[in-house]
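Single-structure report; data block below.
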């Protein structure tokens, strides 16, 4: 299953600042339904693409939606700042890669 959406990049401050893209609530409800049995401590493994950067991550629930965490490497590669509006493509699960030798 695949989801595509556009949303504003937000910062959530805990002990350290973290940067996320929130899913639209309708998409989050669909993701939760599709991921039944795959949810681990509320998190769901996904493969995300923003621009030309694809990365494995886990979304987690917050305020009625799921948040897509943006790693520093992704933000640097795509020149993303808090407040920017980005297009996100999510695939349920993560790509399987061969084990390193």
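The values are calculated or read from the model by the stated rules, or taken from the named source; none is laboratory data. Note that this is a predicted model, so its numbers are computed, not measured. Note: ideal-geometry Cβ built from the backbone for every residue, glycine included; neighbour counts use all protein chains shown.
Going by what's in this entry, would residue 33 be described as surrounded by fewer than 16 Cβ atoms within 10 Å (Cβ to Cβ) and more than 17 Å from residue 91 (Cα to Cα)? Spelling it out, it is not the case that residue 33 is surrounded by fewer than 16 Cβ atoms within 10 Å (Cβ to Cβ) and more than 17 Å from residue 91 (Cα to Cα). The condition (being surrounded by fewer than 15 Cβ atoms within 10 Å (Cβ to Cβ), touching a residue at least 12 places away in the same chain (Cβ under 8 Å) and under 14 Å from residue 86 (Cβ atoms)) is satisfied by just one residue among 64, 51: 51. For the structure I just gave you, tell me whether residue 45 is within 12 Å of the chain's Cα centre (by Cα) and without any contact (Cβ under 8 Å) to a residue 40 or more places away in the chain. Here the answer is no, as residue 45 does not meet what is asked. Only residues that are surrounded by 10 or more Cβ atoms within 10 Å (Cβ to Cβ), part of a loop (DSSP other than H, G, I, E, B) and modelled with pLDDT of 95 or more: list them for segment 83-100, please. Scanning segment 83-100 gives a single hit, 84.
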